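Contents: one structure, followed by commentary.
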Amino acid sequence: MWNNVKYFRSKGFNDRITIGNNVCTPKRLCFRRWVKRIFSYHSTCMLRPDLPHFGLKRERTGPPWKILFFGTDDFAVESLKILSASRHDSSDRLVESLEVVTLDKELPVRKFANQNKLVVHDWPHINPHGQFDVGVVVSFGCLLRESLIRQFPFGILNVHPSLLPRWRGPAPVFHTILHGDAVTGVTIMQIRPKRFDVGPILNQEVYQVPEHSTVDQLGATLATIGAHLLIDTLKTLPEKIASRREQAKEGATSAPKINTAMSWVDWEEQTCEQIGRLFRAIGSRIPLRTIWMGDTIKLLEFCGEFNESVSEDRALSAGSLQYQKESNTLLVRCKDGWVGFRTVVLRKRLSAADFYNGYLHPFFTKKSPLQHRVCVFQSKRVKPKD
């Protein structure tokens, strides 16, 4: 009520007062009695929907919600799918209306929204004032301004694929795999302006990371968990907000975007386990790279650690190469053992056998004294050719 009342002057009976869009000038009536009458009229309006409410709106206290969804990629689509389906659940309808905000590109979220006839808004051209109860952000990648956040009575929720405060940032799943975390999960939090992933926690679910899981496998699982956790949160959103907790100051880590600089293998410093984690974390998007005779080589189809004995194992330095004919695998010596790759790219895609026959075979068959100097992958300590 008082959000709609504006008192322009402090003296006289002809003071102007606005309620909603209406301007009133009470004459020869004390202000207190006049406001009392307005409250009485407002109470009557609650029982008489045919009377004007002076622009006052009753605040929603539970589902079904009017939701504005912010997202871009396949991870976000899982949450959007379940929200879209919730519009049609007649037994326990959770969503009254659903609209989408995404970037001005052909992205998975836009494709799904168009296929399901959802209203789509191009970021940042939106003005949701008074149209929605709550916002939902999933893998959106853009900071939302404070004035936008304040337009949602229940704030804006974020589905984040880690157990915050661990792995704040845009690439939590990559860093979960890269650092060998045994446990991860999903967090539902309320976003705050100016910084990513620092808002209060409303809900969390723990997940044990399967051994040798790739970033794509883990991401798909966490997307499904996150979608169901979002629905669980929305069912009792006011209660979840009332019992929210701030993130702990201890244990906060950063999960920056992956980049090509991360793809260089350091044979002297990285172990078999570390190289395996690096491949499972970024290999599906950025191939691992190394240097051979001044050229950049991309390493594909990682085969894991090889434990069988290799001739002159102890004498060979990090980066040394061997070819295992039985498994058609190129073996590379690293800090604590051997790892294998079945495919490389050197100007063109080559199998391990093709690379051996075309480049390594002469040195191995003739037992050239240059073998251990030439047949070596180098860590990036010299500038590779473009």
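Remarks
- In the stretch 199-296, Cα pairs under 8 Å separated by at least six residues give a relative contact order of 35 percent.
- Cut-off under 5 Å, modelled amide H: who pairs with G319 long-range: R333, C334
- Chain lengthening between D336 and A220 when straightened (0.36 nm per residue, less Cα-Cα): 38.5 nm
- Environment charge at V77 (Cβ cut-off 11 Å; Lys +1, Arg +1, Asp -1, Glu -1): 0
- For S254, the shell of other residues with beta-carbons less than 11 Å away shows a net charge of +2, using +1 for Lys and Arg and -1 for Asp and Glu.
- Cα-Cα over 23 Å, subset of K257/K348; K298/K380; K257/K298; K111/K235: K257/K348; K111/K235
- In terms of its C-alpha gyration tensor, the stretch 208-255 has an oblate overall shape, because the principal axis ratio a/c (a ≥ b ≥ c, square roots of the eigenvalues) is not below 1.5 and a/b does not outweigh b/c.
- Gain upon complete extension [A85, Q151; 0.36 nm per residue less C-alpha separation]: 21.2 nm
- Pair H361, M262: separation of 7 Å Cα→Cβ label points (nm): 3.9
- Taking D104, D133 and counting other C-beta atoms within 10 Å, the order from fewest to most: D104, D133
- Centre separation in Å (Cα based) which lies between the stretch 107-182 and the stretch 245-291: 24
- Ranked by how many other Cβ atoms sit within 10 Å of their own Cβ, fewest first, the residues F132, F69, F196 fall in the order F196, F132, F69.
- Other residues within the sphere of radius under 14 Å centred on the Cβ of A227, judged by their own Cβ, net out at -3 (K and R +1, D and E -1).
- Going from the residue with the fewest nearby Cβ atoms within 10 Å to the one with the most, D197, D232 rank D232, D197.
Laboratory data are not the source of any read-out in this text; all were calculated from the coordinates shown. Treat the numbers as computed from the prediction; the structure is a model and nothing was measured. Glycine gets a Cβ as well: all are built from the backbone with ideal geometry, and neighbour counts include every protein chain shown.
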